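Engineer: Sending over a structure as structure tokens; questions will come in a sec.
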Amino acid sequence: MTDGPYNPRAGSASEIRFDVPHAARIWNYWMGGKDNYAVDRAAGDAVAEVYPDIVTTAKESRQFLIRAVSFLAGEVGMHQFLDIGTGLPTMQNTHEIAQRHVPESRIVYVDNDPLVLAHARALLVNTTPEGVTTYVDADLHDPDVIIADARNVLDFTKPIVVMFMGVLGYVADFDELRSIVARVMAEVPSGSYLVAWDSTDTGEAVNEGGEKLAETGAVPYNLRSLEEIGQYFEGLEMVDPGLAPITLWRADVGDAEPIDAYGAVARKP
């Protein structure tokens, strides 16, 4: 057992701390899940006290995933998905949505958080006989390992959907972040897609929330500017409506309002 805060790059279940706020469990709490502990709820409440929209962001991030995967599988016909940094399984996971539209869809989840992997073994299973659902234990900071492992399941001669859903903030250095995204997208062929969203530094409250999260002892999350998030998609062709608040991306807007979280879907030419 480690002496410091939980490290998302650690790979051993023995390193899970239950007395330190855990990033995936805090997110699970904000989403209304039950896979969390008092220390996680306390950290989540501390952030929500100064930035109440974090709860909306957590819940709306799943709705964005549902709409993006439904569009790519249901309208575009994509059937290969590489979901990097998937987090704790919850309702309407990538494989469930994709295989509902395209039964033979193949999904590779990537994470190296031992808690996430323990849940993945139990919950991330095929929803159709034709499909393939699996996970690889690999580090977000190690794109070459991710690519090598994913090749065992996905056909890299055919288009693949690459997903970074609210995880790139765990990469502190922006140049490294861009390198990770570019490295993975360089390996997938023309016709592939990148789906990504991230929390933005677009308001005083969200920035205060980020500071509060770090103060709780949880792993810090680096907020990005809209310009920086736009750079994730350099060289790709964004589909309408482009980079947008995740609450509004291809949504029946109704009462939806913009929040400090932006995402997009873009095609590799």
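The values are calculated or read from the model by the stated rules, or taken from the named source; none is laboratory data. Note that this is a predicted model, so its numbers are computed, not measured. Here Cβ is always computed from backbone atoms with ideal geometry, including for glycine, and neighbour counts include all displayed protein chains.
Engineer: Of all residues in the stretch 27-47, which are of a type outside the set (A, V, I, L, M, F, W, C), touching a residue at least 40 places away in the same chain (Cβ under 8 Å) and not in a helix (DSSP H, G or I)?
Structural biologist: Listed by number, the residues that qualify are 33, 35.
Engineer: Okay, next question. For the stretch 48-145, list the helices (runs of 4 or more DSSP H) that sit wholly inside it and hold at least 1 residues that are modelled with pLDDT under 90 and over 30 Å from residue 204 (Cα atoms); which are they?
Structural biologist: Per the criteria, 114-123.
Engineer: Same structure, new question: With the condition kept exactly as written, say whether any residue in the stretch 149-166 is hydrophobic (A, V, I, L, M, F, W, C), touching a residue at least 40 places away in the same chain (Cβ under 8 Å) and surrounded by fewer than 20 Cβ atoms within 10 Å (Cβ to Cβ).
Structural biologist: Checked against the condition, which is being hydrophobic (A, V, I, L, M, F, W, C), touching a residue at least 40 places away in the same chain (Cβ under 8 Å) and surrounded by fewer than 20 Cβ atoms within 10 Å (Cβ to Cβ), the stretch 149-166 yields at least one hit.
Engineer: Let me ask you something else. Test each condition in (1) small (Gly, Ala, Ser); (2) crowded, with 18+ Cβ neighbours inside 10 Å; (3) under 19 Å from residue 164 (Cβ atoms) for residue 230 and report the one that comes out false.
Structural biologist: (2)
Engineer: Another question about this same structure. Do we have any residue at all in the stretch 57-65 that's of a type in the set (Val, Ile, Thr) and touching a Ser or Thr at 6+ places or on another chain (Cβ under 9 Å)?
Structural biologist: yes
Engineer: On the given criteria, is residue 209 crowded, with 22+ Cβ neighbours inside 10 Å, farther than 26 Å from residue 80 by Cα and not hydroxyl-bearing (Ser, Thr, Tyr)?
Structural biologist: So residue 209 passes the test.
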